[in-house]
Structures are given as structure tokens and as C-alpha cells.
Amino acid sequence: MQAIVLAAGEGSRMRPLTLSRPKVMVPIGGRPFLDHVVDRAMEAGVIRFVFVVGYRSEVIIDHFGDGNEFGADIEYVVQSEQLGTGHALMMAEDMATDRFLVLNGDVLADLPSLKRFLEIKGDAVAAKRVADPSRYGVFEVDGDRLRSVVEKSRSPPSDLANAGIYLFRKTIFEALRGVNKSVRGEVELTDGINVLVSRGEEVRVVEIEDWIEVGRPWDVLEANKILLSEIDRRIEGNVEPGATLSGNVIIGEGSRVRSGSYIVGPVVIGKDCDIGPNCFIRAHTCIGDRVRIGNAVEIKNSAIMDNTNVAHLSYVGDSVIGSKCNFGAGTIVANLRHDDANIKSFIKGEKVDSGRRKLGAIVGDDVKTGINSSVYPGTVIEPGYRGRPSEVIRGHIEARSRHGR
């Protein structure tokens, strides 16, 4: 089976994490999310891939190459302008086999559901029942047959969300050529599916049991929690006497865990890290490569990317921290309101309800805080920000600003 993976978009709702990497390459569970998508597809029986790339395509190509290291055959096609998912799929028409799987690179289905989906004959779409269907495009169905795809709306006609996983024959390309551009000026894959249905083609709707969808920066935290539940203990670095590792913990090659460190799994620590002494790393934390976690630092349920330092007397809770950051001594990232209400954060500069009772900060790459800084819950800091000593940081922080808005 061949899979065409749609991975050309930036993922603007994931900013600032996607300003230096495509959305599909944001680290989840210690690896780029697209790694997990490829692994899951291969477990289900896919061996050939076509990646449709565009935004920061070099990040994906440099990581995967021809797929040999992953045991897969990977080819690439470039969508130079991001003109919609239908347009992205059309870019791969010359490489498509007679029947193929289509995967959105930012969605991971559970393995049993994906295997069951691949057994379907003919065209099919995957659906997931969701509590808030207004966040998604949804399917109108007649039994297990698709009647129409309805784009995101305030009053969706069903709770069957489009899971972004499809089985097609080459007839989808002819359907897409007959699609008019949307109000956004894009060719939508869902419009092509509606064309198939309008022509009398049968499209099955198959419900999946579970999925991981990463559409907002704080979704990284929930995705980490799910994927870390699957890890086994593996120690490849040096753990000094007096350090405590409880539960399933991965310590990467070349990393050092100093005496007095207390780590409660599931936790992933990458390669060439320097951990401790006397720090506390709590469950569902992912730490990238070449990261420094120093004395009297506590990290709780957070993602910290490569080459970042949290070296002295700091607390980071329920946060996503980009690469090449440095937190000055005494930096405290708060993650809870006094009234226990949901934390509000920012997407593309607009304040939104995160839906989370606990949420710290979303921090872009190359951010440096001054000593004794206090960061409010839900704060978003753009890449390149430089803080001052004893600063209170809150809101949406531009790279060159000194105060939130």
C-alpha cells in the first residue's frame, strides 16, 4: 500500500512553534510528530510514501531522506504555494498508484483502527466522534455511506469529525479538477470528495476508535501524555549514584543524570543532556537533545526542545519551550489560576480559551529570560525575545517588546 502524506503547511495556529519548523516536525514524545505517523502507517502495512512538502520543506527532507533509515521508500513532491489540501494531493497525481491511502501529517490514528480502515474496498473516509464538532469539518452519513462533507460551522449536522485519513482511487484527481476554489482561494480536498458523492460514487465512512490531533500549541502536552504511555524504560546515558529514576524513563546516549536528580516517568530525555544535580523532573515530560536542567529546577508535564537551558532555581509547569532558549536563574513559569478557571492563551495573537485548567507558557525558539522572571499562565512568547531581570511576563509577547498586550 502507498500513502500520500500531506505535510506542506506551516500550521499557523501552532505559532510560535512553527516559525522555524513545519507543524508536522514539532517534537512529540521525543520525536517529530511525523515520525509517529510514518511508524504507525508502516505497522499497518504501508511501505511506500509520497510526502507533499512545502513550508520549510528542507526540515522534513533532511530528517527523512529517502526513508532508508526508517525501512521505508519515501519520495517527495513540492507544493510551492499552499493552495489547499486538494491542490496538495493533486501535486502527487503522477506518483500515485491505482489505489492509495492519504494521511494528514498532523493526525495519528490508533493502530487497530488504521489496519481496519485499510481493509476497506473502494473509496473511504475516516471519522471520529467528538464532543465539540464545531471545531471540525464533519460528515453527513446514511448508514455507513457518505452523503456530504460539511465544513466547520457553529451548528454542525453531526458529531462525526473528519479525521483527515482517506482511501482513494485515481478518480479523486478528476473530481478535484472540477472543484472551484473556496472563499480562501484554495482547492479543498473535501470539495473533491463531495464531487465524487454527487456523481454517484460510493464513499464509505469508517469510525476510528482514537486519534491524536495536534492543532494548537498546548495539544503537544496531551499528545505527549498519550505517546509517553507507550514507552519502555531505556538507559543509554550515565546515571550517577544518588539519582532516582522511577517508572519508564528513557535517557539518551551521552546524557548525564547527576546525583540528587529525581525523575518520575514516563519521561524522555534526549542525547547529550546534562541533568541535575538535585532537580525534579515529573511525569509526561519530554526533553530534547543537548538540554541543561540544573540545580533546584522542577519540570512538570512539559516539552523542552533541543539546546535549551533551564539551569538554576526554576520551575516550568505544563509548558512547551522551543529550542535554543535560556531561562535565567529563578525563572518561574506559573500554570494555574487562583480561581481554578480555564487558562486563556493566544492563537495567532487572538486570546482564546485553552480548555485547560493547567497551562504554563508557549515559548518560541531563542528566547532568553532575565533572572527572577515570573511568567503568567497562558503566556505566549515569540522567538528571539530578550527579557530583563525580575520581569513579570504575561500575555502575547512580541520578539522585541518588553510587555504583554
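Considering only C-alpha atoms, what is the centroid distance from segment 239-276 to segment 319-365, in Å? Going from one Cα centre to the other spans 25 Å.
Go ahead and estimate [θ] at 222 nm for the chain from helices alone: -39,500 (n - 2.57) per DSSP H run with n ≥ 4, summed, over the residue count, rounded to 500. Numbers along the way, then the final one.
Values: 7 runs with 60 residues, N = 405.
Calculated mean residue ellipticity at 222 nm is -4000 deg cm²/dmol.
What Kirkwood radius, in Å to one decimal, follows from the Cα pairs of segment 223-397?
Values: mean 1/r = 0.0626 Å⁻¹.
Computed over segment 223-397, the radius equals 16.0 Å.
Which trypsin sites (Lys or Arg not before Pro) does segment 135-200 hold that lie in a coil by DSSP with at most 10 other beta carbons within 10 Å? Sparse-neighbourhood loop trypsin sites (Lys or Arg not before Pro): Arg154, Arg184.
Between segment 102-119 and segment 1-71, what is the C-alpha centre distance in whole Å? Going from one Cα centre to the other spans 15 Å. The equivalent ellipsoid that matches the C-alpha gyration tensor of segment 1-106 spans semi-axes of 20, 17, 11 angstrom, in descending order. Partner aspartates and glutamates whose Cα lies under 13 Å from the Cα of Lys344, excluding those fewer than 8 positions away in the same chain, are identified as Asp353.
Tell me which of Ile235, Ile397, Leu17 sits at the most positive position along the dipole axis of the chain, charges placed on C-beta atoms (Lys, Arg +1; Asp, Glu -1). Checking the options against the dipole of the chain, the answer is Ile397. Would you be so kind as to identify which of Gly143, Ile208, Pro156 lies farthest towards the positive end of the dipole of segment 115-268, taking Lys and Arg as +1 and Asp and Glu as -1 on Cβ and the Cα centre as origin? In segment 115-268, that residue is Pro156. Between the beta carbons of Asn372 and Ala341, assuming R0 = 30 Å, the FRET efficiency works out to 0.65 to the nearest 0.05. Simple point charges give the picture: +1 on the Cβ of Lys and Arg, -1 on the Cβ of Asp and Glu, and for the chain a dipole about the Cα centre of about 1480 debye.
Extension gain, Lys152 to Asp110: 0.36 nm times the residue separation minus the Cα-Cα distance gives 12.7 nm. Compared with the dominant Cα axis of the chain, that is its longest principal axis, helix 189-198 is turned about 30°. Computed on the chain, with alpha-carbon pairs under 8 angstrom and 6+ residues apart, the relative contact order is 11 percent.
Taking the inverse of the mean reciprocal distance over all distinct Cα pairs, the Kirkwood hydrodynamic radius of the chain comes to 22.2 Å.
Just so you know, all these numbers are worked out from the coordinates, no wet-lab data involved. These numbers come from a predicted model, not from an experiment. All Cβ positions, even for glycine, are placed from backbone atoms using ideal geometry, and neighbour counts span all protein chains on display.
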